[in-house]
Amino acid sequence: MANGSTTTGTATGTAPATATSGVAAPDTPRRRPALSPSRAGDFKQCPLLYRFRAVDKLPETPTKAQVRGTLVHSVLERLFALPRAGRTPGAARELLRPTWSQLAEESPEWTELFTDPASEEELTEWFTSAEKLLDSYFAMEDPRTLDPEACELHVEAELNSGVLLRGYIDRLDVAPTGEIRVVDYKTGAAPREIGEAKAMFQMKFYAVVLWRLRGVVPRQLKLLYLSDGQALAYTPDEKELARFERTLEAIWEAILRAGRTGDFRPSPSKLCGWCSHQQHCPSFGGTPPEYPGWPEPDPGEESALDRAD
């Protein structure tokens, strides 16, 4: 099975809230480069986007919807840390503002998304939209009937090929009989046909990691779309995950080849409209920064925004 694989995290959520910068402190051992579902998805979507994020590390300003997604994920994580009887819609709403205060303290630049931080009106509307997402969640599930093994679970597994996979799972449910269910919350407004393809790529990534860690193929991969109250459930099989594992290995090899040559080409698509780096993209008349060379980045650590959607 896996070589040197690990799993960390608890139902109270021990995963860090933000990504590492990719630059180790002087007395901190450098983490081995790994493939995460977000960065694998970036390269699959557009190799140049991968370069901008993982190599150049160009800054990106999150949208209010992205930050709201992070807030809702954090609230749900805290909700499952409560005793079962306390996991009510009212409790979830009460968690919103204190959770936002903590997130804003950790990432103060997020408060700049609001045009008038001194006014509560804009924030109130934003909180109301977050409350609607939480209400949608409670219409889909009753958390008082669930006992997850972990929330915001950090997982890491090395494939036999040597490729290291790393990521965070929103929620892991394990039945008394051993069946595993991977649950992911979606709060964004990406086009459904594109969004679902990206989401299923992410879920299969987690399924491969868990399969290699535990020797068990997850019984169900479940996506909860809180924006419209829809759920998508999928049952993978071992042959399918073996094929997907080979896909991930091919993506990593392609990343390494591009890294050695600097040949990260743009791949225009409908998703370009959501890209923050059009001014640097040749497809939009821009010029990428000078290639700094392959720095053996650590793209395997995902940010809170990556994990939110």
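The values are calculated or read from the model by the stated rules, or taken from the named source; none is laboratory data. Please read all numbers here as calculations on a predicted model, not as lab measurements. Cβ coordinates were reconstructed from backbone atoms using ideal geometry, including for glycine residues, and neighbour counts include every protein chain displayed. To get the accessible areas, we keep the full protein, side chains included, count just its heavy atoms, and leave off ligands, DNA and RNA. Shrake-Rupley method; radii C 1.70, N 1.55, O 1.52, S 1.80 Å.
Note on ASP142/THR235: beta-carbon distance plugged into 1/(1 + (r/R0)^6) with R0 of 30 Å gives a FRET efficiency of 0.85.
Would you mind classifying the stretch 86-133 by shape? Square roots of the alpha carbon gyration tensor eigenvalues, ordered a ≥ b ≥ c; an a/c under 1.5 is rounded, otherwise it is prolate if a/b is larger than b/c and oblate if not. Write out the running numbers ahead of the final one.
Details: a/c = 2.77, a/b = 1.55, b/c = 1.78.
In terms of gyration-tensor shape, oblate.
Cα centroids of the stretch 64-130 and the stretch 267-297: 32 Å apart. Within the shell defined by Cβ-Cβ distances under 14 Å, the residues around SER269 carry a net charge of +2, with Lys and Arg each +1 and Asp and Glu each -1. Per residue, the convex hull spanned by the alpha carbons of the stretch 94-160 comes to 164 Å³. Provide the net charge surrounding MET140, with neighbours chosen by a C-beta distance below 11 Å and charges set as Lys +1, Arg +1, Asp -1, Glu -1. It works out to a net charge of -3. Per the Kirkwood formula applied to alpha carbons, the stretch 87-206 shows a radius of gyration over Rh ratio, Rg over Rh, of 1.02. By a 1.4 Å probe calculation restricted to protein chains, CYS275 has an accessible surface near 50 Å², given to the nearest 10. Checked against a 28 Å cut-off, the cross-linked pairs LYS57/LYS239; LYS57/LYS222; LYS44/LYS132; LYS64/LYS239; LYS44/LYS222 give Cα-Cα distances beyond that limit for LYS57/LYS239; LYS57/LYS222; LYS44/LYS132; LYS64/LYS239.
Excluding TYR234 itself, calculate the net charge of residues whose Cβ lies under 12 Å from the Cβ of TYR234, where each Lys or Arg counts +1 and each Asp or Glu counts -1. Neighbour charge sum, excluding TYR234 itself: 0.
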